[in-house]
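The values are calculated or read from the model by the stated rules, or taken from the named source; none is laboratory data. Predicted model, so just to flag it, every value in this text is computed and none were measured. Cβ atoms come from the backbone with ideal geometry, glycine included; neighbour counts cover every protein chain shown. Ligands, DNA and RNA are excluded from the accessible area calculation, which covers all protein heavy atoms including side chains. Shrake-Rupley method; radii C 1.70, N 1.55, O 1.52, S 1.80 Å.
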Amino acid sequence: MSEFWVGNSGISATSADVTRAYAANSYASKMLDSAARTAVEVAHLMRLSTRAVLDFSSDRKLYTYTVDEEVLFPDWQFNAAGDSAIPGLAEVLAAMPEDLHPLSFAGFFLTRQHDLVLDDEPVSAKAWLEAGRPVASVVALTDSFWCE
């Protein structure tokens, strides 16, 4: 099995490497969790009821994940003030698989993409959408990103 792992992933399967990868993933998850808000906090910022915010989550208009039975709304999906979702979020979420890990969602929205360029610089999907650029460009990127 380890030969398959090393040969196909490009990642060593030594116990030290696995331990480092696990620690890095745990740290990234804790950072994501610390930069997330509860439904009550989001409702307050958006001036909506908690029920409305949770309904947005159910309808995939906002992204949520659960930690210790608490629904969390990661900050990356909101504008700087936190009072609205980034433009086009619902359309992009609809194009993404629902069962992705929360770090995969964050990575997709926050990592610079060579196909999204503003002022001759690659930008993240979040920056692209916040700049009012076409949502379809990000949706198209999800198609190729998840199918490779």
For segment 87-147, with every protein chain kept in place, what is the accessible area per residue (1.4 Å probe, Å²)?
53
Counting Lys and Arg as +1 and Asp and Glu as -1, what is the net charge of the other residues whose Cβ lies under 12 Å from the Cβ of Ala43?
0
How much of the accessible area of segment 55-148, probe 1.4 Å, is carbon plus sulfur, in whole percent?
49
